[in-house]
Amino acid sequence: MADALSFLSAPSPEPLRFQTVGGLLDATVARWPDRPALIVRHQGIRWSYAEFAAQVDELARGLMAQGLERGERIGIWSPNNAEWVLTQFATARAGLVLVNINPAYRLAELEHALRKVGCRALLLAGATKHSDYPGMVRTLVPELAAGAGGRIDSAAFPELKLLVQLGAEPTPGFLPFAQLVAGGARIEPAALAALQALLDPDDPINIQFTSGTTGAPKGATLTHFNIVNNGFFVGAGMRLTPQDRLCIPVPLYHCFGMVLGVLAAVAHGAAMVFPGESFDPLQVLETVAAERCTALHGVPTMFIAELEHPRFREFDLSALRTGIMAGAPCPIAVLRRVVDEMHMREVTICYGMTETSPVSFQSHVDDPLEKRVSTVGRVHPHVQVKVIDAAGRVVARGVAGEICTRGYSVMRGYWNDAARTAEVVDAAGWMHTGDLGVIDADGFCNIVGRVKDLIIRGGENVYPREIEEFLYRHPDVQDVAVVGVPDAKYGEEICAFIRLRDGARADDESVRAFCRGQIAHYKVPRYVHFVEAFPMTVTGKVQKYLLRELAEQQLGLRREATA
Ligand code: AMP
């Protein structure tokens, strides 16, 4: 019976849009020029859509005035700020490929990113308390001379020609962002309009280095068509309108910020509200209350930090209605608190990955709460999904396997890396996600872990997610991550890393006692470690491979070498 297979495809009365990022902005400005577009609290910025679009155009002409040409790569290495959002649209308008560089990267990673995609220009933030961006770039490019207006000729990076510094205090040698913008006066608006007409929605427009919880970062290359449509449908999934004010504390260099935040808001005329340069729970609470935000995004650990903040009760969050929790498994208990205590009764869960622009599943605002808290919802409009077993066959509904995604949202490929692209996108166009999921009879999907994180203990498949969800019910447990560690007898054993609530005293034996009789004996963690914090990626994913290494060190275990 065909419908018993784990294959989903979602038709939609709303067609895909054959539009560029610039075209999307034009359409919004034409409809809602006076609605608020961008509010950046830490920079004191409040722009309407008409004001925002005017700034975008000036910057786009500024980029053209530097001789940057269609298809060239422009890196941005900065925490969240107004310049980042302007650059996102201005590069797209000028046909340039924006390269998102994680602001937490250090020299070796920056070097890898610049070389991998051959950046022609780099826009970087001024020094912050965590990172001296100009200082680091100077180490890489010692040729940088004061008075050269950011122009460089570097032996180490022959393709890199221009260095621009954001912010009000430029460092000698770099072209100040304000001058980049001012230079746009040399280019006629008609020249920009003519360039617009040449652009094709299928052009690559953005490269994002996948956070990769393992391995060297790969440059996932996305087109206008990929991200414009994903942003549109994600915003539609939240029922965003021009009356909404979306608080975006997630990073812009990641799809969560620039697609689920920025493009979703722009597609529906909603306001983008940035509480700060990087995540700070108190700033988020203050911003939501002061700006009467109606929507709030976050990875699960951000929502946990907001809910647990000692001053949480002081803030009036009653304007909140919706938002997205995504990026990592969303604990059911946290989601319930987000609905009850943060008033986000229409919160939606998204599941996806950078390589699929990113979202492929989203819960509907009116799905039953039970489904919304326990699954990642249903397949996204115009996207196809199948779940396969190790032999590549589609499994029946209710059976776990690897999720594969196909459709408009699948990336163009990893930049200049056909071999690694072919490892994940097969000849039929399916992106193999490396995630394990189960699709139920109604088409709701539950993510049960990464293929690589699956634990096989004594021949039993154990999904870490299931044990984690169970342990979240323990009153002393604040956060938990379960991994497999090598074991001579069973192949692997279960190891739980737990962060306790303040003042809680559970020990390993009491945690095991809590599990016994409640979950199958082979799922009861043999080892329990208590930690103060988890090793995380900036996008809120626990780096399980580091936890496995830690457990192996602490327990003196060694993994048998495998091919
Ligand atoms: P990234 O490419 O950085 O966006 O990371 C994508 C990965 O994040 C996916 O392959 C999943 O492993 C994980 N992920 C994203 N959303 C969810 C979710 N709602 N539940 C579980 N895992 C998720």
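The values are calculated or read from the model by the stated rules, or taken from the named source; none is laboratory data. Since we're looking at a predicted model, the values are computed, not measured. Cβ: placed from backbone, ideal geometry, glycine included. Neighbour counts: every protein chain shown.
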### Task
Go through segment 318-327 and give me each residue that's surrounded by fewer than 18 Cβ atoms within 10 Å (Cβ to Cβ) and in contact with a helix residue (DSSP H, G or I) (Cβ under 8 Å, 6 or more places away or on another chain).
319
### Task
Run residue 493 past the list (1) modelled with pLDDT under 95; (2) surrounded by fewer than 18 Cβ atoms within 10 Å (Cβ to Cβ); (3) among the charged types (D, E, K, R) and report the number of the one that doesn't hold.
(2)
### Query
Is one or more of the residues making up segment 92-113 surrounded by fewer than 24 Cβ atoms within 10 Å (Cβ to Cβ), assigned by TED's automatic domain parsing to the domain that holds residue 206, acidic (Asp, Glu) and under 23 Å from the mean Cα position of the chain (by Cα)?
yes
## Note on the structure
Pairs returned, first residue in segment 341-364 that is among the charged types (D, E, K, R) and more than 8 Å from the ligand (Cβ to nearest atom), second residue that is assigned to a strand (DSSP E or B) and at pLDDT 95 or above, beta-carbon separation under 9 angstrom, 6 or more apart or interchain, are 345/322; 346/295; 346/322
### Task
Check whether at least one residue in segment 116-130 is over 27 Å from the mean Cα position of the chain (by Cα) and among the hydroxyl-bearing types (Ser, Thr, Tyr), and report yes or no.
no
### Task
Give segment 1-41 a look and list any residue that's in a loop (DSSP other than H, G, I, E, B), surrounded by 15 or more Cβ atoms within 10 Å (Cβ to Cβ) and touching a residue at least 60 places away in the same chain (Cβ under 8 Å), or say none.
6, 10, 16, 17, 19, 20, 32, 35
#### Entry: Test: residue in segment 448-456 that is within 30 Å of residue 548 (Cα to Cα), touching a His at 6+ places or on another chain (Cβ under 8 Å) and surrounded by 20 or more Cβ atoms within 10 Å (Cβ to Cβ)
no
### Summary
Selection from segment 389-409 of residues in contact (Cβ under 8 Å) with a residue 60 or more places away in the chain and aliphatic (A, V, I, L, M) yields 394, 395, 396, 399, 400
### Message
Between 333, 326, which is in contact (Cβ under 8 Å) with a residue 60 or more places away in the chain, out of contact with any Asp or Glu (no Cβ under 7 Å at 6 or more places or on another chain), within 13 Å of the ligand (Cβ to nearest atom) and in the same structural domain as residue 256 (by TED's automatic domain parsing)?
### Response
326
### Summary
Within segment 516-527, residues outside any loop (DSSP other than H, G, I, E, B), closer than 21 Å to residue 486 by Cα and not charged (D, E, K, R) come out as 521, 522, 527
### Query
Among (1) over 22 Å from residue 28 (Cα atoms); (2) part of a helix (DSSP H, G or I), which single condition is residue 80 missing?
(2)
### Message
Let me spell it out: the conditions are (1) crowded, with 21+ Cβ neighbours inside 10 Å; (2) more than 12 Å from the ligand (Cβ to nearest atom); (3) under 16 Å from residue 373 (Cβ atoms), and residue 293 meets all of them except one. Which number is the exception?
### Response
(3)
### Task
Mind listing whichever residues of segment 225-251 are farther than 22 Å from residue 81 by Cα and out of contact with any His (no Cβ under 9 Å at 6 or more places or on another chain)?
225, 226, 243
### Pair list, Cβ under 7 Å, 6 or more apart: segment 240-260 residue more than 16 Å from the ligand (Cβ to nearest atom), other residue of a type in the set (S, T, N, Q) and in a helix (DSSP H, G or I)
247/287
## Note on the structure
All-but-one check, residue 396 against (1) away from the ligand (no atom under 12 Å from the Cβ); (2) modelled with pLDDT under 95, failing number (2)
